[in-house]
């Protein structure tokens with residue numbers, strides 16, 4: 001294979017193209033170690049060795065570091081690895097690797113995400129956030145079924161009212177109207193808002 005391009009992407013990192021196709025990113029010392037230079041040749045055997053022993057190993061370590069740093073969705077991890085300029089096949093192998101240890105589980109991520117936010121956000125708001133994180137709707141729906149008990153939304157509304165320190169029994173009409181608008185924009189259903197406000201003294 002012909003090395004058709006060697007281009008610096010950072011001070012110490014270089015992007016290598018083989019036969020005009022992106023192959024991988026290596027450090028400068030690795031280019032020297034494997035004798036890679038623009039216009040040169042790279043055997044198929046050495047190409048596979050570099051991908052397995054250098055690039056894949058580095059991608060796995062990077063993925064493990066990212067997951068140790070914080071919980072991530074599969075989509076989020078893929079995006080981070082893409083930003084690191086890892087080839088698609090390396091990303092696929094890396095995702096399979098971390099999944100084999102149970103370090104990547106979108107269903108569990110969704111459950112933890114819901115449990116940590118359901119007391120202050122509406123289902124609609126949480127749903128949108130999870131969709132934005134690349135989790136598929138089936139997994140989100142299952143997570144909601146497992147995490148929400150009856151009246152969970154209304155408890156979240158009560159918590160937000162307490163947080164805003166609204167004195168419901170003595171609030172003026174404009175203040176209540178403003179509160180309705182705030183809670184509606186957070187994604188809560190009108191009937192839930194009405195029930196909580198109407199019966200606030202009994203449940204606060």
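None of the figures in this text is laboratory data; all of them are computed from the coordinates on show. Keep in mind that what you see is a predicted model, and the values were worked out from it rather than measured. Cβ: placed from backbone, ideal geometry, glycine included. Neighbour counts: every protein chain shown.
Observations on the model:
- The chain: angle of helix 123-132 to the longest principal axis, Cα-based, in degrees nearest 10: 10
- Each peptide in 120-127, 6-13 was scored by the mean count of other Cβ atoms within 10 Å over its residues; highest first, the order is 120-127, 6-13.
- Put a dot 7 Å past the Cα of residue 4, heading toward its Cβ, do the same for residue 57, and the two dots end up 2.9 nm apart.
- Computed E for residue 119/residue 64 - FRET, C-beta separation, R0 41 angstrom, nearest 0.05: 0.80
- On full extension, the segment bounded by residue 148 and residue 182 gains 10.0 nm, given 0.36 nm per residue less the C-alpha separation.
- Spin-label model distance (nm) - residue 43 vs residue 71, 7 Å beyond Cα toward Cβ: 4.9
- A Förster radius of 41 Å, combined with the Cβ-Cβ distance separating residue 162 from residue 12, puts the computed FRET efficiency at roughly 0.20.
- Cα long-axis angle, helix 152-164 against the chain (0 to 90 degrees, to the nearest 10): 80
- Choice from 137, 73, 94 with maximal GNM fluctuation in the chain (Cα, 10 Å cutoff): 137
- Nitroxide proxy distance, nm - points 7 Å out along Cα→Cβ at residue 131 and residue 32: 5.3
- Principal-axis tilt of helix 137-147 within the chain, Cα atoms, nearest 10 degrees: 50
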